[in-house]
Amino acid sequence: MGFSIGQLEELLPELQEISDPALREGVLKAWALALERGGWQVSDLGKIPFTLLIPTGTSLLEHTRRVTRMARAVARERENVNLDYIIAGGLLHDVGKLLEYERRDGKVQKSRSGELVRHPVSGYALVLEAGLPLEVAHIVLAHSSEGEKVKRTPEAIIIHHCDFIDFEIAKGKESG
Ligand SMILES: [Fe+2]
């Protein structure tokens, strides 16, 4: 591993809001696994675009943190929503993009792995491999169109919408 868990922890300050230490550790583990498998460095996280669908200056790291904070704000206004799952799910919803993308010819592009398996599915697998509960893996799996095939939990509904708010606004900016 070409980086320390401490470095990763510093980039994701929202982690500190997860009350369950095992959950916090699992989130870090899933990110570490994804970095390692995708061949990325921690310092790449601020440079990988959050989407390849539109030109964007927003990094995967910024998007991840923003969606997490937006979801946290929504969750605080609701009863019966698990805040730990919201923070963990927000921080992990796009972790599979580290496998979906690769740097080729100096450019971030879709990888072969990404052509075969979309990031909600590869992210789901990483999250389970990191030992996190199915409720968190479900948020990752269901945050995008894959979620239309299952019944989203309240936490997954919140992450799904916050993710699309960020994406739609970025899209709107691009098209003027
Ligand atoms: Fe996504």
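The values are calculated or read from the model by the stated rules, or taken from the named source; none is laboratory data. Quick caveat, the model's predicted, so the values are computed rather than measured. Counting neighbours? That spans all protein chains shown, and the Cβs are built from the backbone with ideal geometry, glycine included.
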Open item on the list: Can you go through 136, 150, 117, 121 and tell me which one is in contact with an Asp or Glu (Cβ under 7 Å, 6 or more places away or on another chain) and among the hydrophobic types (A, V, I, L, M, F, W, C)?
Closed with: 121
Open item on the list: Considering only segment 152-162, I want to know if a residue exists there that is assigned to a helix (DSSP H, G or I), under 24 Å from residue 17 (Cα atoms), in contact (Cβ under 8 Å) with a residue 60 or more places away in the chain and more than 16 Å from the ligand (Cβ to nearest atom).
Closed with: yes
- [ ] Could you grab me the full set of residues in segment 99-126 that are more than 12 Å from the ligand (Cβ to nearest atom) and closer than 15 Å to residue 46 by Cα?
- [x] 102, 103, 107, 108
Open item on the list: Filter segment 136-176 down to the residues that are basic (Lys, Arg) and exposed (fewer than 14 other Cβ atoms within 10 Å of the Cβ) and list them by number.
Closed with: 149, 151, 173
TODO: Those residues that are hydrophobic (A, V, I, L, M, F, W, C) and surrounded by fewer than 24 Cβ atoms within 10 Å (Cβ to Cβ), I need them from segment 79-91; list them, please.
DONE: 81, 83
Open item on the list: Taking the condition of being assigned to a helix (DSSP H, G or I) and acidic (Asp, Glu), how many residues in segment 77-134 meet it?
Closed with: 4
- [ ] Those residues that are crowded, with 18+ Cβ neighbours inside 10 Å, touching a helix residue (DSSP H, G or I) at 6+ places or on another chain (Cβ under 7 Å) and not β-branched (Val, Ile, Thr), I need them from segment 29-42; list them, please.
- [x] 30, 31, 32, 33, 34, 35, 38, 40
Open item on the list: Between 95, 74, 81, which is out of contact with any strand residue (DSSP E or B) (no Cβ under 8 Å at 6 or more places or on another chain), within 13 Å of the ligand (Cβ to nearest atom) and among the β-branched types (Val, Ile, Thr)?
Closed with: 95
- [ ] Among the residues of segment 156-176, write down those that are within 11 Å of residue 86 (Cα to Cα) and over 14 Å from the mean Cα position of the chain (by Cα).
- [x] 157
Open item on the list: Going through 64, 56, 68 one at a time, which residue ends up being touching a residue at least 40 places away in the same chain (Cβ under 8 Å) and either surrounded by fewer than 21 Cβ atoms within 10 Å (Cβ to Cβ) or among the charged types (D, E, K, R) (or both)?
Closed with: 56
Task: Any chance residue 64 is assigned to a loop (DSSP other than H, G, I, E, B), modelled with pLDDT of 95 or more and either at positive phi or under 13 Å from the mean Cα position of the chain (by Cα) (or both) - done: no
TODO: State whether the residues of segment 92-105 include one that is over 23 Å from residue 146 (Cα atoms) and surrounded by 15 or more Cβ atoms within 10 Å (Cβ to Cβ).
DONE: yes
